[in-house]
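First up is the structure itself, then whatever we jot down about it.
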Amino acid sequence: MKDYQLAWKNLWRNRRRTMITAASVFFAVFFALVMRSFQLGTYDHMFKNVIESYTGYLQIQDSAFADEPVIDNCFVLSDQQVSALEADKNIDKVIPRIESFALAASGNRTQGVIVMGIDPVLENEVSGIKDRLVKYRFTPEIVKEMSEDSVPDKIKKLLPLFENESYSSVGRLMADLDLKESDTAVILPLIRKKASFPNGYFGETSPGVLIGDKLSVYLHLNVGDTLVMVGQGYHASSAAAKYVVDGIVKLPTPDIDNKIVYLTVNSARLFYDTPGMVTSAVLDIKDNSEEAIAETKTRISSTLSSPLKVLVWQEMNEILVNQMEADSKSGLIMIGILYLVIAFGVFGTVLMMMSERKREFGMLISIGMQKRRLAKVVSIELILMGLLGLITGVIATIPFAFYFNTHPIRFTGQMARMYEDYGFEPVMPFMLPDTYYLWQTLVVLIMLVIAVFFCIRKIYRINVINALRA
Amino acid sequence: MNVLEINEVYKTYHDTEVAVTAVNGVTLSFERGEFAAVVGPSGSGKTTLLNLIGGLDQPTDGEIIVAGHRLSELRPSELIDFRMEHVGFVFQSYNLIPVLTASENIGFIMNLQHWPADKRKKRTDELLHSVGLADRGNSRPSQLSGGQQQRVAVARALATRPEFILADEPTANLDSKSTDTLLDIMEKLNRDEEMTFIFSTHDSRVVRRARRIITLEDGRVVSDERR
């Protein structure tokens, strides 16, 4: 009989204990992976939202603008510079932006806003801003009307949760209202009829603005209404103008959605009195892997002259990155505690097993089984037991990760508002299996290795006479 | 020809404040094919003597020679190999491996010695037959009675034809019928295979069957009778 066969038989001598220990490893791995997948998926989603709708992966700025983002720290972006940048192998386009602040007003309401001067065509190609135009809006009146209409009960119950919500795509609407394909034939025509929102985009020479959905709700603005903005222009000049609202966009990051005003870059230059200038040039890149971003930054930095510098998305979103890092650490502490509890469980089993089988070990050594061979058999037992929990735990999380990656958990009601208050989209997708699976596996394996070493040490220290008397 | 020589062996324990001498200058020798019982009151040193002979413990002084091997010269791992090759053990509480069948328990030491499978099976079947358990080879220890388990333990001890079998109170947990059956089997194996058996026992039924009776008191041999 081979050692692994004996180990396998030993594993099932106390079936219940083996199952309990394997189950404890299973649940530790399962919950740790689900928790981590949830956390990393959420961070990834938040970063993507901010990067794709706002900062981009790489920007060129005046080094003073990075520290003090005011209009005075803008720079001239010449056509030659743009051509030189676009010649880089990882840069697809260079998108000019003027970004500053102003006070926006409508009626008796005011709000400090981010003013973003963009190239309507290029910006749309990069951040798909046109796709973010609001298509459906559920005002309280519309919700009331629809609730009285012949909609399925399930949707009727959900509708009040989406009061004052706007949607820029049918997909998101279907996910939020939990609509199945079978429901769409009934409900979508009704939504289109009742909740369709007339909207528009602006052209390169348009004098109008696009505003965030939440900002429009706050300022009671609709398409075609007028927005007044007052601010400080270049070198303390006065900036004041009124604009027609051409369209309303729904941005995934609530903290931006409630204060964004898009102008064409030309309108912004006029507003701030910065002809031919930009506050940043967003570099639209082909490969957005960490390595490619770092390499591109190095290459571009070497071609720029002071005071211009290249910033990566982490540098532009320092607060968010720090917030996520702190949250990640607290998550890791939770996982650590979880593993600590499980480690005690595994060690409890190991101690009990060693104590219960002391006499058997003494007998095996006395009849001629070398201690190293006995240690090998017991090690195989423990590793099999741990792997049983580990492998099933990992396998069990994979469908969850895939499902919740494509069908993220979407908070509603109070929880959603709380998230939005903190400036985050109330959506929690899972991250697909990645290197974090390896790390969790490694932690469990280390735990097992420690348990195995403990057993080996115990076996090598067995006094045969005492063991036989046990 | 002597298979075992014990020369002036002492074993003193210092576990407590007072040193206890469990074996006190014992000198004995055993020839092939003996059927010997070591008797004496509790605490007389029977089990300690058997542990020393089996290489499970080291004497404080003196010398034990088994088949030409001086046990004091062997390292711990060599002692384990020595036991595997030269000594068979039968324990009071059977000590079979619970997850293995009777056949697998008997074949265990042959397995440790890397016997080929066919040779191992042949010897296992032969021993199962000898101990009257030919039809119970696939039974686990938990499915066997105490007497049957001890018969499997004897078969396991005999499997690789060691120099001698050490049996520490082998009948202590058995009823009289099982004891008689076991003793019959051991006597037969002693006769047929010329195997040397050394028992430590309190059991008068074992003593009656033994052909040599060594009596210990306070760690000393007080009588050594051959019948």
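Between B:Ala117, B:Ala67, the distinction of being more than 20 Å from B:Met186 (Cα to Cα), of a type in the set (Gly, Ala, Ser), open to solvent by less than 70 Å² (accessible area, probe 1.4 Å) and within 12 Å of chain A (Cβ to nearest Cβ) belongs to B:Ala117 only. Considering A:Leu374, A:Leu320, A:Leu338, A:Leu311, the condition of being outside any helix (DSSP H, G or I) and touching a residue at least 40 places away in the same chain (Cβ under 8 Å) is satisfied by A:Leu311 alone. A:Glu68 fulfils the conditions (1) touching a strand residue (DSSP E or B) at 6+ places or on another chain (Cβ under 7 Å); (2) at pLDDT below 90 except for a single criterion, (1). Can B:Thr21 be described as open to solvent by 20 Å² or more (accessible area, probe 1.4 Å) and assigned to a helix (DSSP H, G or I)? No; evaluated as a whole, the condition is false for this residue.
Contact map, the range B:168-183: residues that are touching a residue at least 12 places away in the same chain (Cβ under 8 Å) paired with residues that are of a type in the set (Ser, Thr, Tyr) and not in a helix (DSSP H, G or I), Cβ distance under 6 Å, separation 6+ or inter-chain. Pairs shown: B:Asp168/B:Ser200; B:Glu169/B:Thr201; B:Thr179/B:Thr171. Checking each residue of the range A:16-23 against the condition of being farther than 30 Å from A:Phe402 by Cβ, away from chain B (no Cβ under 14 Å) and either over 28 Å from the mean Cα position of the chain (by Cα) or not in a helix (DSSP H, G or I) (or both) gives at least one match. Considering only residues in the range B:72-83 that are more than 18 Å from A:Ala467 (Cα to Cα) and within 14 Å of chain A (Cβ to nearest Cβ), the one that is surrounded by the fewest Cβ atoms within 10 Å (Cβ to Cβ) turns out to be B:Arg75.
Determine, yes or no, whether B:Leu127 is of a type outside the set (Asp, Glu), part of a helix (DSSP H, G or I) and under 21 Å from B:Phe91 (Cα atoms). Yes; evaluated as a whole, the condition is true for this residue.
Which of the residues spanning the range A:144-169 are open to solvent by less than 70 Å² (accessible area, probe 1.4 Å) and polar (S, T, N, Q)? Correct list: A:Ser147, A:Ser166, A:Ser168, A:Ser169. Can you say whether A:Lys329 is open to solvent by 10 Å² or more (accessible area, probe 1.4 Å), outside any helix (DSSP H, G or I) and of a type outside the set (Val, Ile, Thr), as far as the supplied structure shows? In short, no. Which residue is modelled with the lowest pLDDT, if the candidates are limited to the range A:397-424 and must be open to solvent by 20 Å² or more (accessible area, probe 1.4 Å) and not in a helix (DSSP H, G or I)? Out of the qualifying residues, it is A:Tyr422.
Please work out if B:Leu49 is open to solvent by less than 10 Å² (accessible area, probe 1.4 Å) and in a helix (DSSP H, G or I). Yes. Scanning the range B:193-224 for residues that are in a loop (DSSP other than H, G, I, E, B), open to solvent by 60 Å² or more (accessible area, probe 1.4 Å) and at pLDDT below 90 yields B:Glu194, B:His202. Scanning the range A:1-56 for residues that are β-branched (Val, Ile, Thr) and either under 30 Å from A:Thr279 (Cβ atoms) or crowded, with 19+ Cβ neighbours inside 10 Å (or both) yields A:Thr18, A:Thr21, A:Val25, A:Val29, A:Thr42, A:Val50, A:Ile51, A:Thr55. Scanning the range B:131-190 for residues that are within 14 Å of another protein chain (Cβ to nearest Cβ) and of a type in the set (Asp, Glu) yields B:Glu163, B:Asp168, B:Glu169. Among the candidates A:Tyr218, A:Tyr262, the residue that is among the hydroxyl-bearing types (Ser, Thr, Tyr), surrounded by fewer than 20 Cβ atoms within 10 Å (Cβ to Cβ) and closer than 27 Å to A:Gly203 by Cβ is uniquely A:Tyr218. Evaluated against (1) assigned to a loop (DSSP other than H, G, I, E, B); (2) at the interface with another protein chain (Cβ under 7 Å from one of its Cβ atoms), B:Pro59 falls short on exactly one condition, (2).
Of the set (1) under 21 Å from A:Gly41 (Cα atoms); (2) surrounded by fewer than 12 Cβ atoms within 10 Å (Cβ to Cβ), all apply to A:Ile337 but (1). Within the set B:Ser130, B:Ser139, the sole residue that is open to solvent by less than 70 Å² (accessible area, probe 1.4 Å) and closer than 16 Å to B:Glu194 by Cα turns out to be B:Ser130.
Quick grid of which residues meet (1) over 21 Å from B:Ala134 (Cα atoms); (2) among the hydrophobic types (A, V, I, L, M, F, W, C):
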| position | (1), (2) |
| --- | --- |
| B:Gln148 | no, no |
| B:Ile165 | yes, yes |
| B:Asn173 | yes, no |
| B:Ile185 | no, yes |
| B:Ser200 | yes, no |
| B:Val222 | yes, yes |
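Evaluate the range B:85-108: report whether one residue or more is over 21 Å from A:Glu360 (Cα atoms) and more than 10 Å from chain A (Cβ to nearest Cβ). Looking for residues that are over 21 Å from A:Glu360 (Cα atoms) and more than 10 Å from chain A (Cβ to nearest Cβ), one finds none in the range B:85-108, hence no.
Kindly indicate the residue of the range B:80-102 that is in a helix (DSSP H, G or I) and in contact with a Leu (Cβ under 7 Å, 6 or more places away or on another chain) and also nearest to B:Val131 (Cα to Cα) among those meeting that condition.
If we take residues in the range B:80-102 being in a helix (DSSP H, G or I) and in contact with a Leu (Cβ under 7 Å, 6 or more places away or on another chain), then B:Ala102 is nearest to B:Val131 (Cα to Cα).
Considering only the range A:361-374, state which residues are more than 7 Å from chain B (Cβ to nearest Cβ) and farther than 14 Å from A:Trp8 by Cα. Once the filter is applied, which keeps residues that are more than 7 Å from chain B (Cβ to nearest Cβ) and farther than 14 Å from A:Trp8 by Cα, the range A:361-374 yields A:Phe361, A:Gly362, A:Leu364, A:Lys371, A:Arg372, A:Arg373. Would you call B:Gly147 at pLDDT below 90, out of contact with any His (no Cβ under 9 Å at 6 or more places or on another chain) and in a helix (DSSP H, G or I)? The answer is yes for B:Gly147. Each residue in the range B:13-51 was checked for being out of contact with any helix residue (DSSP H, G or I) (no Cβ under 8 Å at 6 or more places or on another chain), under 26 Å from B:His86 (Cβ atoms) and free of Cβ contacts under 8 Å to residues at least 60 places away in the same chain, and 2 pass. Summed over the range A:119-141, the residues that are polar (S, T, N, Q) and in a helix (DSSP H, G or I) give a count of 2.
This table checks each residue for (1) without any contact (Cβ under 8 Å) to a residue 60 or more places away in the chain; (2) in contact with a Pro (Cβ under 6 Å, 6 or more places away or on another chain); (3) among the small types (Gly, Ala, Ser).
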site	(1), (2), (3)
A:Ser366	no, no, yes
A:Leu388	no, no, no
A:Ala401	no, yes, yes
A:Phe411	yes, yes, no
A:Val427	no, yes, no
A:Tyr436	no, no, no
A:Tyr460	no, no, no
A:Ala467	no, no, yes
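Quick check: is even one residue across the range A:142-155 in a strand (DSSP E or B) and in contact (Cβ under 8 Å) with a residue 24 or more places away in the chain? No, because not a single residue in the range A:142-155 is in a strand (DSSP E or B) and in contact (Cβ under 8 Å) with a residue 24 or more places away in the chain.
The values are calculated or read from the model by the stated rules, or taken from the named source; none is laboratory data. Please read these numbers as outputs of a predicted model, since none were measured by experiment. In this analysis, Cβ positions are derived from the backbone assuming ideal geometry, glycine residues included, and neighbour counts consider all displayed protein chains. For accessibility, only protein heavy atoms count, side chains too; no ligands or nucleic acids. Shrake-Rupley method; radii C 1.70, N 1.55, O 1.52, S 1.80 Å.
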